[in-house]
1. Quick check: the angle from helix 14-23's long axis to the longest principal axis of the chain, C-alpha only, nearest 10 degrees?
2. Show me 23-29, 166-172 ranked by packing, highest mean number of other Cβ atoms within 10 Å first.
3. What is the spin-label model distance, in nm, from Lys161 to Ser128 if the labels are put 7 Å beyond Cα along the C-beta direction?
4. What number, in nm² with one decimal, is the all-direction average of the projected area of the convex hull of the alpha-carbon atoms of segment 74-135?
5. Taking the Cβ-Cβ separation of Glu293 and Thr3 as r and a Förster radius of 30 Å, what is the calculated FRET efficiency to the nearest 0.05?
6. Enumerate the aspartates and glutamates that Lys69 could reach by cross-link, defined here as Cα to Cα under 17 Å, with residues fewer than 8 away along the same chain left out.
7. When the convex hull of the C-alpha atoms of segment 39-100 is computed, what volume per residue in Å³ does it have?
8. Just grab the label-to-label distance for Val204 and Leu23, each label 7 Å out from Cα along the Cβ direction, in nm (one decimal).
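Nothing in this text is a laboratory measurement; each read-out follows from the coordinates by a stated rule. Predicted model only: the values in this text are computed from it and were never measured. Cβ coordinates were reconstructed from backbone atoms using ideal geometry, including for glycine residues, and neighbour counts include every protein chain displayed.
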Amino acid sequence: MNTPNILQMGPLTDAFNDRLSSLHATDRIWEQQDRDAFLRETGRRVDIIVTSARYGCSAEVMAALPNLKAIISFGVGYDPIDMDAARARNIRVSNTPDVLNDCVADLALGLMISSARRIAAGDRFVRSGHWGQQPFPLGSRVSGKRLGILGLGRIGKCVAKRASGFDMDIRYHNRREDPAVSYGYESSLVELASWADYLVLTCVGGPSTEGLVSREVLAALGPRGTLINVARGSVVDQPALVELLLDGRLGSAALDVFAEEPQVPAELLDLPQLVLLPHIGSGTHETRRQMEELVFENLAAFISRGELVTPVL
């Protein structure tokens, strides 16, 4: 495939967009006034899609591209890509794993500490001029507490490694026990939540985990527990999360992801015990550069050899 035609599903950085279009014949679907008409007219010439965990690729788009051979995605999560449709067409799919593990794990620990020690609330307290006028509420200790991890994969293990430095007692829940680790295994997510002071979500998104952190799990975490989500918003029953936070049956939450981003439930915005972030798990200069390089490595490998460096399908 010497001169592939590429369809880019959504903008990334200006540098990425310019680099892609300088190397390959690239159409940008977000710049088209009538996306459906554009796909009907030009879909046959598309060989490769470049997308991200934000934009994904639907079965409808794939159906409009009869010669599509690969989907190269920027990001570790591939749940926004219709994998069943890709599998049925033998369309190869890649992502950018591992290079973002450290940054996402760093953020998970940062969210835990910020929530426990009320760092974001303390910042607002000082900026508002309340310091010296009224007392600031006490926070909670992180060191020595009980940490439950849902999804002890690459990122989950990085979180556990960092938490070990805080002398935390660590247990986890996966579909099955991992014999290669020494952390305690809980076969029941409800039991893990009931035991934990902090429950960190680092599992995959998609249909297999949708709503896995249910009302029952959140209630088990309880009024002294904290939920920390750096996975996907879909993993949590968001209406139940809102309800339990509002009535005090769940102590607090620190969230980098939401069910319908960028929309955040209005009820959460004024709750002082929450830390809310705009999905920045991989959002560092270093990690985004590594992710970009891995996208171009996958692209080059597929064009030259028909292979992917980091395939998921």
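1. 20 degrees
2. Values: 23-29: 15.6, 166-172: 18.3.
Ranked by mean Cβ neighbours within 10 Å, highest first: 166-172, 23-29.
3. Between Lys161 and Ser128, the label points sit 3.9 nm apart.
4. Numbers: hull surface 26.8 nm².
Quarter of the Cα hull surface area: 6.7 nm².
5. On the way: r = 22 Å, r/R0 = 0.75.
Between Glu293 and Thr3 the formula returns 0.85.
6. Cross-link targets: Asp27, Asp47, Glu60, Asp82, Asp84, Glu297, Glu307.
7. Numbers: hull volume 4.4 nm³, N = 62.
Convex hull volume per residue, Cα atoms: 71 Å³.
8. Inter-label distance under the simple model: 2.6 nm.
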